[in-house]
1. Once the Cα atoms of helix 44-68 and of the chain are each reduced to a long axis, what angle between those two axes, in degrees from 0 to 90 to the nearest 10, is obtained?
2. About its Cα centre, how strong a charge dipole does the chain have in debye, to the nearest 20, once Lys and Arg get +1 and Asp and Glu get -1 at the Cβ?
3. Below 8 Å, C-alpha to C-alpha, sequence gap of six or more: please give me the relative contact order for the chain in percent.
4. Can you tell which of Val25, Val65, Val105 shows the greatest fluctuation in a Gaussian network model of the chain with Cα springs below 10 Å?
5. Considering the options Gln170, Leu83, Leu52, tell which one lies farthest towards the positive end of the dipole of the chain, charges being +1 on Lys and Arg and -1 on Asp and Glu at the Cβ, about the Cα centre.
6. Please list, in chain and number order, the residues 5+ apart from Arg150 or on another chain whose amide H is under 5 Å from its amide H, with Hs placed from the backbone.
7. So which residue, out of Phe146, Phe114, Phe166, gets the largest mean-square fluctuation from a GNM of the chain using Cα contacts under 10 Å as springs?
8. Please determine, in degrees from 0 to 90 and to the nearest 10, the orientation of helix 153-168 with respect to the longest principal axis defined by the Cα atoms of the chain, where the helix direction is its Cα long axis.
Amino acid sequence: MTHAAPRSEIHAEFDRARAEFRQLVEAAGPAEFARRSNGTRWTNRQLLFHMLFGYLITRNLLLIVKAVSRLPTPVQRGFAALLDAGTRPFHLINYWGSCAGARFVPLGRMPGWFDAITGSLDRHLDAETDAELARSMPFPTRWDPFFAARMSLGEVYHYATEHFDFHRRQLTLNSQSG
């Protein structure tokens, strides 16, 4: 479950994830990328793309929280319930999207893209006021094990690296450290 981490902790998480992602992609070879991950239907390459995709999705989640948190509470709950009702299609899109992304995004471009996305999140985090970081809305808890029933904008920033760390442990790369 997420918690509201201080900005400095979130920035440090992004820095660590950037370095780890780059090391994972640059140190592995073709056979390792093609190997199945542990506990998923994805290969290591597909799972690496999914980990990158988690940060891309976070940018969109931030926009959703900023908009939906301004709506009346019953509308917020209805929106989360609607998203929860779409769990099955979400999981299919999530799975096949990561399969397609891994196929079409060159491995050599993934670290740079990861750097750009997390750098963008760093800049947006710095621009948020404390009041904005406290904005919250109900979340579709069936979509992800790290989604809480209600999440603040600050918790969404932190979620990205929780997602990354969870999937990092599922990689079966010989070259990975930790």
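None of the figures in this text is laboratory data; all of them are computed from the coordinates on show. Everything numeric here is computed off the predicted structure, so don't read it as measured data. All Cβ positions, even for glycine, are placed from backbone atoms using ideal geometry, and neighbour counts span all protein chains on display.
1. 10 degrees
2. Details: 21 positive and 17 negative charges, 141 e Å.
Dipole about the Cα centre, nearest 20: 680 debye.
3. 44 percent
4. Judging by the Gaussian network model, the answer is Val105.
5. The Cα lying farthest towards the positive end belongs to Leu83.
6. HN-HN under 5 Å from Arg150: Phe139.
7. Phe166
8. Roughly 20 degrees between the two axes.
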